[in-house]
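Before any comments, here is the structure.
Values quoted throughout were computed directly from the atomic coordinates according to the rules given, and no laboratory measurement underlies them. As the structure is a computational prediction, the values presented were derived from the model and not from experiment. Note that each Cβ is placed from the backbone with ideal geometry, even for glycine, and that neighbours are counted across all protein chains shown.
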């Protein structure tokens with residue numbers, strides 16, 4: 001090796017020794033020195049960044065010469081308190097924004113639902129007007145009285161035919177019968193069988209007036225409190241209704257005796273016109 005190369009090697013070795021002492025080491029290789037320099041540059045950059053942030057924070061803090069450390073400590077606490085209040089305010093504002101957003105969505109949903117309900121509300125109001133008119137001008141009592149007056153003759157006729165003995169001459173109103181001696185008898189003064197016969201008379205007279213409804217007569221155990229004589233009279237009347245051909249009669253009963261009697265009254269119609277169905281509880 002020539003003298004120039006030797007001299008250069010010695011200088012490099014000397015510089016590496018100096019750098020090693022700066023790093024607190026006895027001896028470092030060239031690569032170790034390079035890594036140490038890079039690492040310390042990173043430390044320097046981080047330190048400069050922290051210094052800049054501290055400078056930005058301390059810009060708003062006025063320090064006077066010879067100011068006691070206790071005053072400085074108080075100022076720092078005030079700054080920390082203010083920062084804490086600002087942070088709380090920011091958090092609350094964020095929550096308020098979320099709540100407002102959710103409320104806005106809910107409002108739009110309610111408006112959408114309301115727009116769908118408005119036609120129904122309008123129909124309900126129209127129905128309410130109709131119901132009020134019915135209650136004020138066409139009450140149930142007045143309607144029943146009108147129906148009674150219209151069908152009074154038919155009700156009297158049916159009542160005389162399906163009820164025995166014939167101790168009444170007819171109806172005065174919906175709740176009062178006229179005895180043949182002229183005395184009046186309300187519903188509380190007549191027997192259960194007589195009340196049942198009156199109710200059947202009203203039903204049969206009303207049913208006979210139907211013109212637009214289906215030609216059906218649905219009867220479910222109507223003579224539970226009627227004696228045998230009046231039961232036969234009622235079935236004879238139903239048979240005449242069936243023979244008229246204007247009504248299809250559906251008669252339901254849980255009384256085996258009454259079912260057998262009904263079948264004997266109507267089986268003359270034949271299998272094509274008369275059907276019996278027996279049902280049992282499951």
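Just a few scattered comments:
- Counting Cα-Cα pairs of region 157-282 in 5 Å increments starting at 0 gives whole-percent bin shares of 2, 9, 19, 21, 18, 14, 9, 5, 2, 1, 0.
- When both bridge partners sit in region 140-269, DSSP labels roughly 60% of those beta bridges antiparallel.
- Fully extended contour minus Cα-Cα distance, from residue 254 to residue 34, at 0.36 nm per residue: 68.2 nm
- Going by neighbour counts of Cβ atoms within 10 Å, the residues 99, 241 line up, fewest first, as 99, 241.
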